[in-house]
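J.: Take this structure, written in structure tokens, and hold onto it; I'll ask about it next.
The values are calculated or read from the model by the stated rules, or taken from the named source; none is laboratory data. Everything numeric here is computed off the predicted structure, so don't read it as measured data. For neighbour counting, all protein chains shown are included, and Cβ atoms are generated from backbone atoms with ideal geometry for every residue, glycine included. Quick note on the areas: whole protein, heavy atoms, side chains included, nothing else; ligands and nucleic acids left out. Shrake-Rupley method; radii C 1.70, N 1.55, O 1.52, S 1.80 Å.
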Amino acid sequence: MTVLIKGGTVVNSDFSQRADVLCEDGVITAVGENIDAPKGATVVDAGGQYVMPGGIDPHTHMQLPFMGTVTTEDFYSGTAAGLAGGTTMIIDFAIPAPQQNIIEAYQQWREWAEKSVADYSFHVAITWWDDSVHADMGTLVREHGVNSFKHFMAYKGAIMADDETLVNSFTRARELGAIVTVHAENGELVFRLQQEIFEKGITGPEGHPLSRPPQVEGEAANRAIRIAEVLNVPLYVVHNSCKQSLEAITRARNEGQRVFGEVLAGHLLIDDSVYLDKDFDTAAAHVMSPPFRSHEHQEALWHGLQSGNLQTTATDHCCFCADQKAMGKDDFRLIPNGTGGVENRLEVLWDQGVNTGRLTMNEFVAATSANAAQIFNVYPRKGSISTGADADIVVWDPEATKTISAKTHHQNVDYNIFEGMTVKGCASHTISRGKVVYANGELDVERGAGRYVDRPAFAPIYDALQKQAQRKEPVAVKR
Ligand code: URQ
Ligand code: ZN
Ligand code: ZN
């Protein structure tokens, strides 16, 4: 399969250039002016458009069993919806139940993901601890291309990792040259506040944000940062929603600690007024954790992206339909937590980020693709328009407009948190592994065409430092 993308402007995270892009057998083989189309090539006219690395969404939950039900989006429909919005890779989560063998869980998710139509990878959650978890983390790094381990500091009584688990897992990750990631909310405080609020008689969705105030997130983010600092392991904080967690990350980064922050498209654009909607379905559709916050936090999060203290954007695509959300009709604690967005992330961030001047196009590429590729160690294979990179590309029409709606989206869910938003700038073509899979509003995907992406560990700093101690000479540890 040969595709020539002609007449566009290539936009990478670090530079832009007028250039054609030639893709052969799934790989970018040439980037430059006036490339002639080889015989039989598919030619995409990118005149007046931008040619960017396909989006990488580092935080999704396709067909996740959670809170007594399963998300409605599976790996086939979810990766297809991503392609319709210019996202060509997701990093999802294998989440073992407590006491479940972590490799068994990883294999289960690998099986579920075989139907994907775009590339995917997995963070593996550490939800419990014993010697087998210690050993299996090593197997996952060495034999399965896992370089990131997730820890939910919330969800007490389910998948919450206590401090002992955090310390054990963070220590092990450092030995293996892996990065640790956290869902930063203090699960004990959430549990207590949920009880108090429910017992006061607040049972509707409006109780959800009241039980998870920003302070609860700021405390957990800072705790994870301090533990990572003492144990000398790189840390990635997922779905920062508030000033408090951003301040904790900013302080650590200013002191040279290797901490990264993610922000969701939803948390940048949507505020907590959604929980006051009198319609249960509308309010419940927005129940996710951390919750949407008051407007002051959105501005702070944009500043976090602009300042470089937040590096990536994601969606935390975790979809439940109205009948599932209704499980919490009389008790907000039972509303399955999660919202969608994998199809809309790039277009809403372009509209509210680039069109408003908050972000340059290059910063947009960094925040939607390149930074995630670098942090999770798949750059420049992913996240770059360059010779030798995978041909995962989005052709972006800055003049095209669309109005987002659940009535027309490709996501398998009956609600869209960006419902009614009109955006200017969206994908006209998406190329996945060198094939045109989305063009002019139509998907042309193949079940199972997506591939699992191995993510190599970083230099096992600990081993290097151990050897250095024995050799008494400086060690140049490649990151
Ligand atoms: O916490 C998460 O990231 C998963 C369980 C999705 N749900 C959510 O509310 N964020
Ligand atoms: Zn989370
Ligand atoms: Zn999540």
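J.: Of the residues Ser169, Ser132, Ser148, only one is small (Gly, Ala, Ser), open to solvent by less than 40 Å² (accessible area, probe 1.4 Å) and farther than 21 Å from Val378 by Cβ; which?
T.: Ser169
J.: Does Thr72 fit the bill of being within 16 Å of ligand 1 (Cβ to nearest atom), surrounded by 17 or more Cβ atoms within 10 Å (Cβ to Cβ), modelled with pLDDT of 95 or more and under 30 Å from Glu111 (Cα atoms)?
T.: So Thr72 fits the description; yes.
J.: If you don't mind, another one. What is the number of the single condition among (1) within 11 Å of Met153 (Cβ to Cβ); (2) open to solvent by 30 Å² or more (accessible area, probe 1.4 Å); (3) touching a helix residue (DSSP H, G or I) at 6+ places or on another chain (Cβ under 7 Å) that Gln244 does not meet?
T.: (1)
J.: If Arg110 satisfies all but one of (1) open to solvent by less than 40 Å² (accessible area, probe 1.4 Å); (2) away from ligand 3 (no atom under 16 Å from the Cβ); (3) assigned to a helix (DSSP H, G or I), what's the number of the condition it fails?
T.: That leaves (1) as the condition not met.
J.: Also: List every residue pair whose Cβ atoms lie under 7 Å apart, where the two residues are 6 or more positions apart in sequence or sit on different chains, the first residue falls within the stretch 84-101 and is free of Cβ contacts under 8 Å to residues at least 40 places away in the same chain, and the second residue, located anywhere, is part of a loop (DSSP other than H, G, I, E, B) and within 16 Å of ligand 3 (Cβ to nearest atom).
T.: Asp92/His61; Asp92/Met62; Pro96/Thr127
J.: Which pairs have Cβ atoms under 8 Å, sit 6 or more apart or on different chains, and link a residue in the stretch 299-320 that is touching a residue at least 24 places away in the same chain (Cβ under 8 Å) and closer than 16 Å to Gly85 by Cβ to one that is part of a helix (DSSP H, G or I) and within 10 Å of ligand 1 (Cβ to nearest atom)?
T.: Thr315/Gly266; Asp316/Gly266
J.: Sticking with this structure for a sec: For the stretch 118-144, what are the residues that are in a helix (DSSP H, G or I) and more than 30 Å from Leu83 (Cβ to Cβ)?
T.: Of everything in the stretch 118-144, those that are in a helix (DSSP H, G or I) and more than 30 Å from Leu83 (Cβ to Cβ) turn out to be Asp131, Ser132, Val133, His134, Ala135, Asp136, Met137, Gly138, Thr139, Arg142.
J.: Continuing with the same structure: Out of everything in the stretch 154-186 that is of a type in the set (Gly, Ala, Ser) and at positive phi, what residue ends up being nearest to ligand 2 (Cβ to nearest atom)?
T.: Gly157
J.: Being away from ligand 3 (no atom under 16 Å from the Cβ), among the β-branched types (Val, Ile, Thr) and touching a residue at least 60 places away in the same chain (Cβ under 8 Å) is true for just one of Val365, Val342. Which residue is that?
T.: The conditions single out Val365.
J.: Within the stretch 212-286, considering only helices (runs of 4 or more DSSP H) that don't extend past its boundaries, which have at least 2 residues that are under 19 Å from Pro336 (Cβ atoms)?
T.: Output list reads 265-269, 280-285.
J.: Can you tell me which residue among Met52, Met67, Met89 is at pLDDT 95 or above and under 20 Å from Glu446 (Cα atoms)?
T.: Met89
J.: Across the stretch 50-61, what is the total count of residues that are more than 16 Å from ligand 1 (Cβ to nearest atom) and buried (at least 24 other Cβ atoms within 10 Å of the Cβ)?
T.: Final tally of qualifying residues: 6.
J.: Out of the stretch 176-185, which residues are closer than 25 Å to Asp316 by Cβ and outside any loop (DSSP other than H, G, I, E, B)?
T.: Ile179, Val180, Thr181, Val182, His183 - these are the residues of the stretch 176-185 that are closer than 25 Å to Asp316 by Cβ and outside any loop (DSSP other than H, G, I, E, B).
J.: Further question: Six or more apart or on different chains, Cβ under 6 Å: which pairs go from a residue in the stretch 415-427 that's open to solvent by less than 30 Å² (accessible area, probe 1.4 Å) to one that's of a type in the set (Phe, Trp, Tyr)? Could you list them?
T.: Gly425/Trp350
J.: Considering only the stretch 309-328, how many residues are polar (S, T, N, Q), in a loop (DSSP other than H, G, I, E, B) and away from ligand 3 (no atom under 16 Å from the Cβ)?
T.: The number of residues fulfilling the criteria is 2.
Yes/no matrix, rows are residues, columns are (1) away from ligand 2 (no atom under 16 Å from the Cβ); (2) hydrophobic (A, V, I, L, M, F, W, C); (3) touching a Gly at 6+ places or on another chain (Cβ under 8 Å):
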position	(1), (2), (3)
Gly7	yes, no, yes
Ser13	yes, no, yes
Ala46	yes, yes, yes
Val70	yes, yes, no
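J.: Among the residues that make up the stretch 31-38, is at least one of them farther than 26 Å from Gly78 by Cα, away from ligand 3 (no atom under 16 Å from the Cβ) and buried (at least 17 other Cβ atoms within 10 Å of the Cβ)?
T.: Yes, that holds for at least one residue.
J.: Just checking, does the stretch 186-201 include any residue being outside any helix (DSSP H, G or I), open to solvent by less than 10 Å² (accessible area, probe 1.4 Å) and in contact (Cβ under 8 Å) with a residue 24 or more places away in the chain?
T.: no
J.: Taking the options Gly256, Gly207, name whichever one is of a type outside the set (A, V, I, L, M) and away from ligand 1 (no atom under 16 Å from the Cβ).
T.: Gly256
J.: Also: In the stretch 289-297, is there at least one residue being part of a helix (DSSP H, G or I) and open to solvent by less than 20 Å² (accessible area, probe 1.4 Å)?
T.: Checked the stretch 289-297: at least one residue is part of a helix (DSSP H, G or I) and open to solvent by less than 20 Å² (accessible area, probe 1.4 Å).
J.: Restricting the search to the stretch 329-372, which residues are assigned to a loop (DSSP other than H, G, I, E, B), open to solvent by less than 50 Å² (accessible area, probe 1.4 Å) and closer than 28 Å to Tyr155 by Cα?
T.: Matches in the stretch 329-372: Asp331, Ile335, Pro336, Asn337, Gly338, Gly340, Gly341, Val342, Glu343, Asn344.
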